[in-house]
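Reading through the structure tokens given below for one structure.
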Amino acid sequence: MRWLAFALRYLGRPRWDTGIPPPEVVAYAARHTAGRALDVGCGTGTSAVFLAQSGWQVTGVDFVPLAIRRARQRARSAGVIVDFRLGPVPAFEGIHGPFDLALDVGCLHSLDGMSRAAYADRMTELLAPGSTLLIFAFTSPRPPGIPPDEMDRLFAGAFALADRRIDDDGHAAWYSYVRAGSPVARA
């Protein structure tokens, strides 16, 4: 039932759909060589389209059909190609890595415990060694939210925390995790 309430927000303009990529995403793209990116919970495609405009090959996934339709229109209007997929997270059905970047702006923190563990497992499979998992999440112990210590436990072993920036009021954070292992050289 909760997913339906979430999906219905797209009948209007959800408050999180600003049409502007987060500064953290812009900064990441400016500092890194373009590669393959996965936008988890891509919504209407703001960050996915921005990354594609920055030279990235992007796959975006969201479970809301209207959001995916709007994302595809955004990409067409911007003149870029993005592979937008309709589907549930953390299944990532039909999506294959390796990706150099996985971006999650507000998806993981809304999943339940079992889905979070499956999400972490799939990120381990989808991301290349040395790649980045960039996540924005609320820090509440109740959904939507995931406390920083739980986030670190979730990705322990397969990822190393590179950066965590908690906002001034302590309600949200940006995390940057690096996939363990040696980076794979591109041909």
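Considering Cα pairs under 8 angstrom that are at least six residues apart, work out the relative contact order of the chain and quote it in whole percent.
On the way: 342 pairs, mean separation 30.0, N = 187.
Taking the mean separation of contacting Cα pairs over the length of the chain, I get 16 percent.
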field: Val26 paired with Leu66, simple spin-label distance in nm, labels 7 Å along Cα-to-beta-carbon
entry: 2.8 nm
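For segment 24-179, what number results from the quotient of the Cα radius of gyration and 2.2 N^0.38 Å? Don't skip to the answer; put the middle values down first.
Working: Rg = 14.5 Å, N = 156, 2.2 N^0.38 = 15.0 Å.
Rg over 2.2 N^0.38 Å, computed on Cα atoms: 0.97.
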- request: Pull up the DSSP beta bridges for the chain and report the antiparallel fraction as a percent, rounded to 5.
  value: 40 percent
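Just rank His109, His32, His96, fewest to most, by other beta-carbon atoms within 10 angstrom.
Working: His109 23, His32 15, His96 9.
By the 10 Å Cβ count, ascending, the order reads His96, His32, His109.
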- prompt: Which length gain, in nm to one decimal place, applies between Ala156 and Ala180 when the Cα-Cα distance is subtracted from 0.36 nm times their residue separation?
  reply: 7.7 nm
query: Got a sec? How would Arg153, Arg31, Arg70 order by Cβ neighbour count within 10 Å, fewest to most?
result: Arg31, Arg153, Arg70
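A short reminder: the numbers here are calculations on the coordinates, not readings from a lab. Worth saying up front: this structure is predicted, and the values here are computed from it rather than measured. Neighbour counts are summed over all protein chains in view; Cβ atoms, including those assigned to glycine, are modelled from backbone coordinates with ideal geometry.
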